[in-house]
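**Student:** Sharing a structure below in C-alpha cells format, with a few things to ask.
The values are calculated or read from the model by the stated rules, or taken from the named source; none is laboratory data. For clarity, every value in this text was computed on a predicted model and none was experimentally measured. Every residue, glycine as well, gets a Cβ built from its backbone with ideal geometry; the counts of neighbours run over all protein chains shown. Side chains are part of the model used for accessible areas, which takes the heavy atoms of the whole protein and leaves out ligands, DNA and RNA. Shrake-Rupley method; radii C 1.70, N 1.55, O 1.52, S 1.80 Å.
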Amino acid sequence: MPLVDPVTMSSSISKGAAAKAQSLVKGTTAATSKDTAILLSTHEQQPISLRQTPLAQSARHVFPALLATGFLVRFNALVADPVSTMKTALAVVVALQLAYAVICLPVVGSQQGKPARKPRPGEKNLKKGSLGNGVGDGPGARVYVTAIVALLLSTFLTPVLYAAMVLFGAPFLTHGAHTFLCAAHLAALVLFPIFFVHGVDSASWAAVGSFQAPFDETFGGLVGGVVGAWLGAVPIPLDWDREWQKWPVTILCGIYAGHLLMRLLGGTVLFGKRF
Amino acid sequence: MAPPSKPATSKSPASSSSEYKKIAAQFAAAKRAKEAKEAKEASEIQEETKKEQEAINLRERQRDAIEKRRKASFERRWLWNLGFWVWMLIIHIVGIGYFTSGFLLTRLMLDDKSTCASAPTLNTSITGSDSGILAPWKGKGTVDGGCWHPRTFERAVVVVIDALRYDFTVPMDDNAPFHNAFPFLYETARRSPHHAFLRPFIADPPTATLQRLKGLTTGTLPTFVDIGSSFSGTAIEEDNLLMQLRGAGKRIVHLGDDTWDALFPGYFEGNLSRAYDSFNVWDLHTVDNGVMEHIFPLMEKKNDWDLLIAHCLGVDHAGHRYGPDHDEMTKKLAQMNTFISDLAAKMDDKTVLIVMGDHGMDGKGDHGGESDEEVEAALWMYSKKPMFGRTKPEYVTPPATAKIRPVNQIDFVPTLALMMGIPIPFNNLGRPIEEAFVGPTGSAWDNLAAAERTTAAGIKRYQASYFAARGIEQAATPGSPAELWNKAERLVGSAHATKGQERWASVYAAYADYQVETLKRCKELWGSFDLKQMALGIAIMALGVISLLTYVSKGVEDDSAIVENPELDLAEKRLEMQGVAPATETVPGRDLDKRLVRGAALGFFPVFFGGLLQSYLSGVGDWYRGAAFGSLTSIAMVLVVLYDSRDVLLNLMPDTFWGWLAVVFTVSQSVGFASNSYTIWEDSILLFFVATFGFASALSALKLSDPAERYLSIYNSIVFVILGRVASFSKLCREEQMPYCTSTYYASATSSTSAPWQLVIPFLVFLILPSIVKAYLVPSRSYEGLAPNWIGYVFRTGLFMGATYWVLDAADNGNWFPSLPANTLKSFSVYLAQIILGLSLIAGTTAFVWSPPCVSIYTAARPGTSQAQVTVLGYGNAHGARYLLLPLNILAAIFLLSKPMGAGALGLMMWQILALVEILDYNSLTNSAIGPIMLAILGNFYFFKTGHQAALSTIQWDSAFIPLFTIRYPWSPLVVTLNTFAGQILAAATVPLIVLWKVGPPRKGLLTRLSRSFGVFIAYFAVEALATMAWAGHLRRHLMLFRVFNPRFMTAAVVLIVVDIFGMLIGLAGFRCNTLSVGEVFGWAE
C-alpha cells in the first residue's frame, strides 16, 4: 500500500546503509552508498572463489563433512528434545562456520571483483578502499573482525528469519524457542558466509537476494538452505505420526541437507553459473 | 439508488449518465480545441477559419465512423469470447456429471415387499423344513398375533428428536450447556430397567434427516447420491415400516417435520396429523410447540391410531443456529426432558414409547457428514408394562459413551416390526435389539434367537433377490455370509436336541454373526462404482483441461505483436478512413474465439442430436449419452482449430521463474489431493503458497531499477504476506485437524455464533478498508470521477450497515433487549440486509454500468504559448480504477453474507488483491500465469478463512436467513452460494483487475489478455477438479473416501462451476461495460 512516501523511504534507507557501511569497517567510504540502486546489468557480480592456500583447499570439504556428521549424530537427540539440542548444536555450528570463514573464504574486499563498469572520474580512490584495504591483503586482524561483525549481522537478521518463518505459517504464540533456534541455525549457515564475503555491499546483496548472483559456495549454500527449509515443510502435514515430523525437525533437516548439497555443488559443478 | 453527485460541479443530483456525457463532452471538446490548434499550426499559411472548421468537421465524422466500427468489432469479439467460455462451462458440467453419475452410485432398489403369510424362515433351513425355535403362538401368521414373531405391543409412539446426540442424554462430568439437561431417559433406564433402556444409536452417513428417515423406515443403507435430494424429498417406494403398517390396515398419525409428508405422501390420518416446515432453522419453537400441543390430546384417543410419529426439530435448529454451547440448547433440552416425561406418564400397557435422535451434531451443531459426533444419536424405549431385559446385569446402566454397546440405526426397523407384529420390510439389513426381546428376566434366549433368526432369514432372502437381480453369484467360501448362515442353521438343529435356555444364546450369536458379516459386505458392495461412466467423465475433464491450457498458451507471441505506438495507430486509422478493411484479418488470432466456437458447435450438436435421436428410436432412454460423445467431438474440433493456429502444448512449458512457480503451486496441490493429510491441511498449505509468492516477489523486486518502484513493490509484497498470515488466524477446524487446530471462527468450538469481540471486526473493515482502497487509487490520480463518492460514501455506508447487521443479529441471538417484542430485531435485521444487498448488487451494478471512468479532465492554456493543454487525471489507470468499483460492490454483498470473522477476512482479501495487482504491475508480471494463479489461490484460501472446510457440515445453511424469513427459491440457494464461495467469487470478480490495473485507454488486445488470464484462473480450478476427481476415483476403496476425498471432489466440482459462471457474469460482463465506457470517452484503441 503506497502510504509511505517512496522518496523519503528510499533516501532514509540508503543513508542507513551508508551509515552501517561506515561503521562496519574502518576506512569504508560512502562509495556505494550513492549507488544503492546500481543496476545489476552494469555491475556483473563475480563468483567468490575460495582462498588458494593449501589449508583452505583441503578444509573446504572437511567443514561440510563435519556439519553433516554432527547433524546425523545428533539427529535422535534433536527429535527427542529439539530446543536443547539446537541450542548446544548452535554453538558448535557457529564455531565451525567461523573457522570455515577464516580459513577458506576470502574476506570481503580481498577478492576485488574485476569491475565490469568503468570507474567514473573521481571515484577511483574511493572504490579501492571499499570494504577492505586493497587487493592481496593477507589474513590479518581484519579477517577476525570481519568474521565477528558478520556473525553479529547474522544474529541481527535472525529475528527477521524468525518472522519470515511465522509468516509462512510457523506457530505464532507457541514454540517460540523452536522457531527462533531454527532461524538462528539458518542464519549461521547461510547468512554468515555471505556477510563475510560481501559485507553489506547493497549491490551484491541485491544480486544475492534476487537470486541473480553467480553460483559459488556461499550463494549455493544460501539457495540450498532457503529452498531446503521451504521443502522441509512438505512432510509436516502427513499423518504418519512419526516423532521426527514435529516442529521444526523437518525444517532443520531441509536446511542442512539443502545447504550442504548446494554448497558443494555451488563450489564445484555449478560454479559461476547463474539462474 | 441515490446517484452520487459530484459536489463541485453540480448541486442538482445529476444522474451518473449525464455526468458521464459531461466528461465525454469535456474530453471531446478539449481534444477538439487541441486539434484545432494543431491544425492551425500545421497549415503554414493562415487560412480562413471557415475552411479550417470544415477540415475539422470532416475529420470528426471520419473518426466517428471508425469509432463506431471498432466498437461493433469489440462487441462482436466479446460475444464470441463469451461463447467460448459457455462451451467450456458445458464441458465442465458434462465431465463432472458423467463422473458423478458413476461415482456416487445408487443402490439397486428392489420392488419386492414382505407379506405376513410368507415368513422368510419357510424353506430356508438346510434341512428344507422350517424348524422354528419358538413353538407356534396364538395368531401366528396374522398381524394381530404377530406375523413372524409374537406381537408385544399394539401401538407405538415414536418421538424423533432431531439431532439428539447421545452425550446429551447421559450424565457428564462438566458444565457444558448441552450436558445433563435431559436426564429423564438415563434415569428411567437405570431405575426401572424392565420398563426402559437407553443405548447409543449409530446413524449411517450421510447424516441428513431425509436419508436418516429412509434408513429408519426401510432398514437399508442410503447411498451418497441421495443427499442431493435433501431439499426436495421424494416418496419412498421401497418396502418400509409405514407401508407394512398401512398394508395391515393400521392408522398412522404424524406430527412435526414435514419431511415425513414428502417421503410418505398420503400415509397419514389427515384429520389428526400436523406437518410443519422443516427448513426454517431460525425458528426453534414452532415445530416443537405444535407437536406438544397436538400429541397430548391424541393420548386420550388411543383407539384412533396405531402408530404415532412425532418429529421435534428444536434441538437441531438450536444446534444450527447457535451451536450446542448455548443457553438456548439447555432450554431446549430441558423442554424435551419435561415433554418426554409427561408423555411417558400417558402411556398404557399396550403402547411402546420410543424416543430417538435421527443423527447427532458436530461441535458447531451442524451435521451431514460422517464424523463420530454426527453419527452418534440416542435411542430410548419405554413401556409401562415390564417388557425389557438385559442379557447381562451390568448392562442395566446405559453406556457412558456412544462407543460402548451401540446399536445401528437400521436395527430399529426389525425391532419395531417384530414388536408390532408386522412383517419386517423386505430390504432390511438390521437386526433386532436384544433388550426388546430377551424378556424382563434377561433369559428369554429362545425368543431372542427366534427374532434374530427370522430377521436373518429375511436378510438372506433379500440378498438372494438382490444378487439374482444383479446377476452376481454368492460364494460359500469360509467366512462368507453363506457359510455363516449354514453354521447357524446347523446350530439350530443341534440346539433342538438339547435343553435349557443357554443353548439358544449360541444360536443367537451365530445368526448375529451372519447379519454383521452381511451388513459389512453390503457396505462394501454399495460402494461399488460404474467405472465406465467415471472414466468417461475423467476423460472429458482431462481433454477439457488440455484444450483450455492450449487456448491459454496461445497468443504469447501475439502480445509482442501489439505495439503501443500512437503513430502506428494513427496510420492504421488513416488506412481505415480510406476504407481498407480493418484489423480482423491483419492481426493473427483475432477471430480465434469465433473459429473455436464454430468448431465446438460443429463438433457438439450433430453428435448430441444424433444421440437424442438414437435414444428416441431405440427407446433406451439414454439420451444423455450424446452429451458425452458430443463433448468429446467438440473438444477434438477445438483442438484441431487450436492446432491450426500452430499452438502446441509445448508453449505451456514455463520459461520463467514465475511460470514455474505457477505450475508448482497448481501441480503440487493437485498431487497432494491424493493424500488425505494434504487435503485436510489445505488451508495451511495455501497460506504457505501465499507467503512463498510474497517473499519471492519481494526478493525479485530487488532487481527493479527505479528506487520508488522497488520499495513500493517490496512494501506491497510484505503487506501481502502479512495480511495472509493475519487472515490465517480466522479458522474453522475440521474434525480431522484435531487436536492440532483451534477454531476461532465462532465464539467457541461448540458454537455457531460470534463472540462479542468478533462483532468489532466488521466495523474495523468499515473504518479502514475504504481508506486503503483510496490509497491505492490516489497515486495513479484515479480517485476521481465517481470514485470518491462511491468508495468514500456508498461503499463505506454499505460496510457500516453490514457490520450493524451482525450486531443486531447478536442482540437477537443473545436476547440483549428482553423488553423488545419478539421478532422485532429479526425483522429489522432482515430488512437491513435486503437494503444492503439491493444497494450493493442492484444499485451498485447500475451505477457501474453507467459510471464514467474515474478521471477528471482539465483544459488550460499552456503557459507561454497559445496552445491548449489537456490534463486528464487518472488517465494512466482509467481502465483499472473504474473496474475496481465492481469487485467492491460484490465485496459489500458478500461482506454482509459472511459472519463477522469472515467479513474481516474478506476485507483482508480485498487488500491483498490490491497489493497483488500492484506487485504484478511493478514486476511486469501482468502477462504471467502467476497473477491469475495467485488470485485463484487467494480465492481458495479465503474459502477456508470464511469458516468453511471441504466438508458438508461446514455449509452455513443459516446464512439463507440473513436476507429472508423463510426459504425462497431461487434466492436461498443463491445466498448460501454467495456465503460458501465468497472467496472464489471475489477472486473471479477481480480477474480483470490484473489485466486492467494501471492501464490507460490506448491499450490494445485487452480482450485477448483478459481471456487468457481468465483461462489461467479457470485452469487452476479445472486442474483441481480433475485431480480430486481422478484421486477420488482411484481411491474409491480408501477408508477416508467419504470423509475426505469425496467431499473435496464435490467442493472442487462445485467451485469450478461457480467460478465459470461468476467469472462470466461478473468478470467478462464487467470488463465489457468497462471497456465500452472507457472507449466511449477516450476513443477505441483497436
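**Student:** Write down the percent of antiparallel bridges among all DSSP beta bridges whose residues are both part of segment B:155-444, to the nearest 5. Show your work: numbers first, answer last.
**Tutor:** Details: 13 of 36 bridges.
Here the share of antiparallel DSSP bridges comes out near 35 percent.
**Student:** For segment A:219-233, list whatever residues lose no less than 10 Å² of accessible surface once every protein chain is in place, relative to that chain by itself, with the probe at 1.4 Å.
**Tutor:** A:Trp230, A:Ala233
**Student:** Another one. Given a Förster radius of 45 Å and the C-beta distance between B:Ala775 and B:Ala334 as r, what FRET efficiency does 1/(1 + (r/R0)^6) yield to the nearest 0.05?
**Tutor:** Calculated transfer efficiency: 0.25.
**Student:** To two decimal places, what compactness ratio does segment A:59-101 give when its Cα radius of gyration is scaled by 2.2 N^0.38 Å?
**Tutor:** 1.17
**Student:** For the pair A:Lys87 and B:Ile768, how long in nm is the line joining their label points, each one 7 Å along Cα→Cβ?
**Tutor:** 3.6 nm
**Student:** What ranking do B:409-420, B:344-355, B:193-204, B:818-829 get when scored by the average of other Cβ atoms within 10 Å per residue, highest first?
**Tutor:** Most protected by this proxy first, the peptides run B:409-420, B:193-204, B:344-355, B:818-829.
**Student:** Please state the Cα pair-distance histogram of chain B with 20 angstrom bins from zero: what percent is in each bin?
**Tutor:** Over chain B, the share of Cα pairs per 20 Å bin runs 11, 36, 30, 16, 5, 1, 0 percent.
**Student:** What number comes out for the charge environment of B:Pro606, summing +1 per Lys or Arg and -1 per Asp or Glu over other residues with Cβ under 15 Å away? Walk me through the intermediate numbers first.
**Tutor:** Values: positive: B:Arg598, B:Arg625; negative: none.
For residues surrounding B:Pro606, the net value is +2.
**Student:** Next up: How are the C-alpha pair distances of segment B:779-890 spread across 10 Å bins, as whole percents from the shortest bin up?
**Tutor:** In whole percents, the pair-distance histogram is 13, 30, 22, 16, 10, 5, 3, 1.
**Student:** Would you please give the FRET efficiency between B:Thr391 and B:Leu525, computed as 1/(1 + (r/R0)^6) with r the Cβ-Cβ distance and R0 = 35 Å, to the nearest 0.05?
**Tutor:** 0.70
**Student:** So what is the accessible area of chain B per residue, in Å², with the probe set to 1.4 Å?
**Tutor:** 38 Å²
**Student:** I would also like to ask the following. Fully extended, how many nm does the chain gain between B:Ser827 and B:Trp660 (0.36 nm per residue separation, minus their Cα-Cα distance)?
**Tutor:** Going from the current span to full extension adds 54.8 nm.
**Student:** Rounded to the nearest 100 Å², what is the buried accessible area between B and A, both sides summed, probe 1.4 Å?
**Tutor:** The B and A chains share an interface burying roughly 2800 Å².
**Student:** Quick one: what do you get for segment B:996-1086 if you divide its Cα Rg by 2.2 N^0.38 Å?
**Tutor:** Here the answer is 1.55, to two decimals.
**Student:** Next question. If you count, for every residue in B:685-691, the Cβ atoms of partner chains within 10 Å of its Cβ, what is the mean?
**Tutor:** The shielding value for this peptide is 4.
**Student:** Quick one: length gained pulling B:Glu483 to B:Tyr643 fully straight, 0.36 nm per residue minus the C-alpha distance? Intermediate results must be reported in sequence, preceding the final value.
**Tutor:** Working: separation 160, 0.36 × 160 = 57.60 nm, distance 6.09 nm.
That pair, B:Glu483 and B:Tyr643, stretches by 51.5 nm at full extension.
**Student:** What's the extension gain from B:Asp372 to B:Ala33 if we count 0.36 nm per residue and subtract their Cα-Cα distance? List each step's numbers first, then the result.
**Tutor:** Working: separation 339, 0.36 × 339 = 122.04 nm, distance 7.67 nm.
Between B:Asp372 and B:Ala33, full extension yields 114.4 nm more.
**Student:** For the protein assembly as shown, which whole-number percentage of the solvent-accessible area (1.4 Å probe, protein heavy atoms only) is attributable to carbon and sulfur atoms? Display every interim value, and only then the final one.
**Tutor:** Working: 33930 of 54010 Å².
Reported share for carbon and sulfur atoms: 63 percent.
**Student:** Once the Cα gyration tensor of the protein assembly as shown is diagonalised, what are the square roots of 5 times its eigenvalues, in whole Å and ordered largest first, as equivalent ellipsoid semi-axes?
**Tutor:** 66, 41, 30
**Student:** Next question, about the same structure. How many nm is it between the label spots at B:Lys22 and B:Asp64, if each spot is 7 Å from the Cα in line with the beta carbon?
**Tutor:** For the pair B:Lys22/B:Asp64, the computed spacing is 2.4 nm.
**Student:** Dimensions of segment B:248-303 along principal axes (Cα, Å, largest first)?
**Tutor:** 38, 26, 14
**Student:** Give the accessible surface of segment A:46-267 per residue, rounded to a whole number of Å², with probe radius 1.4 Å and ligands, DNA and RNA excluded.
**Tutor:** 44 Å²
**Student:** Order B:982-995, B:1052-1065 from most to least packed using the mean count of other Cβ atoms within 10 Å. Spell out each step's value before the answer.
**Tutor:** Values: B:982-995: 28.5, B:1052-1065: 21.3.
Per-residue mean Cβ counts within 10 Å order the peptides as B:982-995, B:1052-1065.
**Student:** Now for a different question. Order of B:956-966, A:58-68 by packing, highest average Cβ count within 10 Å first? Display every interim value, and only then the final one.
**Tutor:** Working: B:956-966: 20.4, A:58-68: 16.2.
Final packing ranking: B:956-966, A:58-68.
**Student:** Pairs to check: B:Lys332/B:Lys899; B:Lys460/B:Lys487; B:Lys346/B:Lys384; B:Lys250/B:Lys350; B:Lys34/B:Lys71. Give those whose C-alpha atoms are more than 18 Å from each other in this structure. Write out the running numbers ahead of the final one.
**Tutor:** On the way: B:Lys332/B:Lys899 24 Å; B:Lys460/B:Lys487 14 Å; B:Lys346/B:Lys384 9 Å; B:Lys250/B:Lys350 15 Å; B:Lys34/B:Lys71 24 Å.
In this structure, B:Lys332/B:Lys899; B:Lys34/B:Lys71 exceed 18 Å between Cα atoms.
**Student:** Shifting gears a bit: Residues of segment B:703-738 losing 50 Å² or more of accessible area relative to the isolated chain, 1.4 Å probe, heavy atoms only?
**Tutor:** Residues passing the criterion (a loss of at least 50 Å², heavy atoms only) are B:Lys703, B:Tyr711, B:Leu712, B:Tyr715, B:Arg725.
**Student:** Let me ask something else about it. With a 1.4 Å probe on protein heavy atoms only, tell me which residues of segment B:651-681 lose at least 50 Å² of accessible surface in the complex relative to the chain by itself.
**Tutor:** Output list: B:Ser677, B:Tyr678.
**Student:** Using the beta-carbon distance between B:Ser73 and A:Gln52 and R0 = 60 Å, what value does 1/(1 + (r/R0)^6) give for FRET efficiency, to the nearest 0.05?
**Tutor:** Result of the calculation: an efficiency of 0.30.
**Student:** Which translational diffusion coefficient, to the nearest whole µm²/s, is obtained for segment B:840-938 from the Stokes-Einstein equation, given a Kirkwood hydrodynamic radius over C-alpha pairs, 37 °C and 0.692 mPa s?
**Tutor:** 202 µm²/s
**Student:** For the protein assembly as shown, which cysteines have no disulfide-compatible partner, meaning no other cysteine Cβ under 4.7 Å?
**Tutor:** If one checks each Cβ against the other cysteines of the protein assembly as shown, A:Cys104, A:Cys182, A:Cys253, B:Cys312, B:Cys522, B:Cys854, B:Cys1073 turn up with nothing under 4.7 Å.
**Student:** Wrap a convex hull around the Cα atoms of segment B:276-377, take a quarter of its surface area, and give that in square nanometres.
**Tutor:** Convex hull of Cα atoms, orientation-averaged projection: 7.0 nm².
**Student:** Taking segment B:155-444, how much of its Cα-Cα pair set, in percent, is spaced more than 24 angstrom apart?
**Tutor:** Considering segment B:155-444, 45 percent of its Cα-Cα pairs are separated by more than 24 Å.
**Student:** 7 Å from Cα along Cα→Cβ at both B:Asn289 and A:Asn76: what's the point-to-point distance in nm?
**Tutor:** 7.1 nm
**Student:** Over the Cα atoms of segment A:147-202, each weighted equally, I'd like the Debye log10 I(q)/I(0) at q = 0.17, 0.28 Å⁻¹, rounded to two decimals.
**Tutor:** The calculated log intensity ratios at q = 0.17, 0.28 Å⁻¹ are -0.52, -1.02.
**Student:** Check segment A:46-267 and count each lysine pair with an alpha-carbon distance under 18 angstrom, considering only pairs eight or more places apart or from different chains.
**Tutor:** For segment A:46-267, the number of qualifying lysine pairs is 6.
**Student:** Still on this structure, please answer the following. Give the whole-number value, in cubic angstrom per residue, of the convex hull volume spanned by the C-alpha atoms of segment A:46-267. The partial results should precede the final answer.
**Tutor:** Values: hull volume 26.9 nm³, N = 222.
Convex hull of Cα atoms, per residue: 121 Å³.
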